[in-house]
1. Pairs only if they're at least six apart or on different chains, beta carbon under 6 angstrom, first in segment 51-70 and farther than 19 Å from T151 by Cα, second of a type in the set (V, I, T) and in a helix (DSSP H, G or I); list them, first residue then second.
2. If we scan segment 125-133, do we find a residue that is within 23 Å of G74 (Cβ to Cβ) and among the basic types (K, R)?
3. With the checklist (1) out of contact with any Phe, Trp or Tyr (no Cβ under 8 Å at 6 or more places or on another chain); (2) assigned to a helix (DSSP H, G or I); (3) among the charged types (D, E, K, R) in hand, flag the one item R75 doesn't pass.
4. Which members of segment 34-45 meet the condition of being assigned to a helix (DSSP H, G or I) and either among the hydrophobic types (A, V, I, L, M, F, W, C) or over 28 Å from R69 (Cα atoms) (or both)?
5. Which of (1) surrounded by fewer than 13 Cβ atoms within 10 Å (Cβ to Cβ); (2) in a helix (DSSP H, G or I) is the odd one out, the single condition P115 does not satisfy?
6. For segment 102-121, name all the residues that are within 27 Å of P55 (Cβ to Cβ) and at pLDDT 85 or above.
7. Of F54, F48, F31, which residue is in a helix (DSSP H, G or I) and exposed (fewer than 14 other Cβ atoms within 10 Å of the Cβ)?
8. Of the numbered conditions (1) over 16 Å from T151 (Cβ atoms); (2) modelled with pLDDT under 95; (3) not polar (S, T, N, Q), L88 satisfies every one except a single condition; which is it?
Amino acid sequence: MRNLLKLLFSPAGRIGRRDYAIGLIGLVVIFTVYGLIINALGGSMTGFFAVLAFPFVILQIIYSVYGKRLHDMGRTLWPVTGLLCAILGAMIVVMLAYDGADYLAAFSEYSSNGPLTEELRDKLNREFGPRQAQGVPVLQVVVTGLLVAFTLWLGVAKADEKTNQYGAPLSK
């Protein structure tokens, strides 16, 4: 259990392909269980704090599992940060391409005159919702593609056979 916690929550050291696969399975399990817990807690105060902590817990696991595999290849954690930036960039581009900027402009035009009524909110959603909904599958494909490509790259990449700044090579 201690090794599993170290695998999932400590970015220090190196891991091989087997431990990387175990870490990925752990990430998926924790992501799924955490999501189920958040859904079960609903709008409670505990649910609020669970939602607030969720990205930090998942990011810690991502940096730990992917980071140790990168360390095994003699690389820093920067490629993980690059992946996250690419995902955020894709979200922004897709949002802009599917009328997100126009929606925000229309929304701010109405909201600057006082509270947005439910009637105005419905009007904006009817006007912009269908076009924005078209962007969801595009974003899903792009984000999934980035994640799968990065994950597979780390899974098949050759380890650094010599001692590097992250530790000695793993025993075979």
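The values are calculated or read from the model by the stated rules, or taken from the named source; none is laboratory data. Just so it is clear, the model here is predicted, and its values are computed rather than measured. Every residue, glycine among them, receives a Cβ derived from its backbone with ideal geometry; neighbour counts consider all protein chains shown.
1. These pairs meet every condition: V51/I38.
2. Of the residues in segment 125-133, the ones within 23 Å of G74 (Cβ to Cβ) are none.
Taking every residue of segment 125-133 in turn, none turns out to be within 23 Å of G74 (Cβ to Cβ) and among the basic types (K, R).
3. With respect to (1) out of contact with any Phe, Trp or Tyr (no Cβ under 8 Å at 6 or more places or on another chain); (2) assigned to a helix (DSSP H, G or I); (3) among the charged types (D, E, K, R), R75 is out only on (2).
4. The answer is L36, I37, I38, N39, A40, L41, M45.
5. Against the list (1) surrounded by fewer than 13 Cβ atoms within 10 Å (Cβ to Cβ); (2) in a helix (DSSP H, G or I), P115 comes up short only on (2).
6. None; the set is empty.
7. On the way: F54 fails: exposed (fewer than 14 other Cβ atoms within 10 Å of the Cβ); F31 fails: exposed (fewer than 14 other Cβ atoms within 10 Å of the Cβ).
Exactly one residue qualifies, and that residue is F48.
8. (2)
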